[in-house]
Amino acid sequence: MKISKIPGLGRFGIFIDDINFDNITDEEWQEIGKLHLENLVTIIRNTNLDAFKYQELIFKLGLPRTNQAHRLHKKYGISVGEIFQKVLEDSDLIDDEDKKFLRSSGKLILIEDGKPTSIIKVTGMKDAAGDPLGMFAEGELLWHSNESGDLCFTPGVSLLGRSGVVGSATGFLTTVDYYESLSESFRSELDEMVLLHRFTPGRINPGLIEEQDSIMRKNMCPVDGSRIPLVISSPGGHRGLHISVNTIDKIEGLSDAESKKILDKIQSELFVEKYMYDHWYRSDTDLCLFDNSITLHRRLGGITNRMCYRMQHDYNFVQQNPYIPYTTEPFVSEYRRRMAEMVDWIV
């Protein structure tokens, strides 16, 4: 196993090369998981992973989850699998809005050897009927973090190339070095700021059809006006900015003009080369592991026939303590309450 520094991303980000996943031990994979928490972005190049091995490895880092699955379980009191079955039966137990959402999102789940997985297909391709095969439209994806307008966002994301990936890029941006470079007085101001989030169609991926936009809204920011602190901690204990520009509406307590002035200042200073890295794929099978708390990502380049596999997950099995991103009330208590519900459901 060879480890080297990714150019850009401040002091973060590592490449890992020369891993044969047929022979990797649990101890070696756990060590990679811990290295990843320290480095925020880990790119393992030219892997020999298939879908099942990929899923197995991610399950060893932490429990997979999406907050929409928990919402559905809480609403109907049955498993997501049972809910999907009710949708297939067109049961009146599931309301029409959720039926529409589930029929659309169900197409995005990877079925491998006749078995549903916890993997979402990321592609702009469509089937013969013109229906999307993945959760995005063709074209670039703008800077974002997943579930950015949800207080209990999932902290880890992984992306495995499958086919047609060469010629495209996944970009990353880290916020820790920028935050630490600021004056103590400005950091103190940012520490107190709360962002209000709102979903705006097309702000992440221009060109989404209505069906995809509905899925995006429920996943990114299901409730407009959600309140989330600007400064939070990553699962590895790094403090930075939760500044997913795709759903930020304004800074709570400030006028629109004052809010825009501060956010524009931050973005002009943060979105610069030394904190960024665009990974232009040279292999269709690279595996990217990336923090989803204080790190943003995007997609660039030709993507006509591009297919990737994506999973969202916690880091339960490589952290010593439960992850709590917030330090102030009422956010800590609300996060603990909601996560207690979620963990009971997942387990």
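The values are calculated or read from the model by the stated rules, or taken from the named source; none is laboratory data. Given the structure is predicted, the values throughout are model-derived calculations rather than measurements. Note: ideal-geometry Cβ built from the backbone for every residue, glycine included; neighbour counts use all protein chains shown.
Observations, loosely collected:
- Test result for Ala128, surrounded by fewer than 18 Cβ atoms within 10 Å (Cβ to Cβ), hydrophobic (A, V, I, L, M, F, W, C) and at pLDDT below 80: yes
- Residue list for the range 91-122, filter: of a type in the set (A, V, I, L, M) and buried (at least 18 other Cβ atoms within 10 Å of the Cβ): Ile94, Leu102, Leu108, Leu110, Ile119, Ile120, Val122
- Per the conditions (1) crowded, with 22+ Cβ neighbours inside 10 Å; (2) touching a Lys or Arg at 6+ places or on another chain (Cβ under 9 Å); (3) more than 20 Å from Met311 (Cα to Cα), the sole criterion not satisfied by Ile228 is (2).
- Scan of the range 247-257 for residues that are crowded, with 17+ Cβ neighbours inside 10 Å and out of contact with any Gly (no Cβ under 9 Å at 6 or more places or on another chain), ordered by number: Lys250, Ile251
- Sole residue being in contact (Cβ under 8 Å) with a residue 24 or more places away in the chain and of a type outside the set (D, E, K, R), chosen from Phe101, Phe84: Phe101
- Single condition Asp224 does not satisfy, out of (1) at pLDDT 95 or above; (2) more than 28 Å from Gly33 (Cβ to Cβ): (1)
- Candidates in the range 145-204 are the residues that are out of contact with any strand residue (DSSP E or B) (no Cβ under 9 Å at 6 or more places or on another chain) and surrounded by 17 or more Cβ atoms within 10 Å (Cβ to Cβ); of these, the one that is modelled with the highest pLDDT is Cys152.
- Count of the range 304-328 residues, restricted to those that are of a type in the set (Lys, Arg), in a loop (DSSP other than H, G, I, E, B) and closer than 17 Å to Ile58 by Cα, is 0.
- Filtered residues of the range 46-80 (kept if more than 30 Å from Trp280 (Cα to Cα), without any contact (Cβ under 8 Å) to a residue 12 or more places away in the chain and assigned to a helix (DSSP H, G or I)): Ala69, Val80
- Taken over the range 285-316, the residue count meeting the criterion of being surrounded by fewer than 21 Cβ atoms within 10 Å (Cβ to Cβ), over 23 Å from Ile243 (Cβ atoms) and at pLDDT below 95 is 6.
- Here the range 136-189 is the region considered, the condition is being free of Cβ contacts under 8 Å to residues at least 24 places away in the same chain and in a loop (DSSP other than H, G, I, E, B), and the residue that is nearest to the chain's Cα centre (by Cα) is Leu182.
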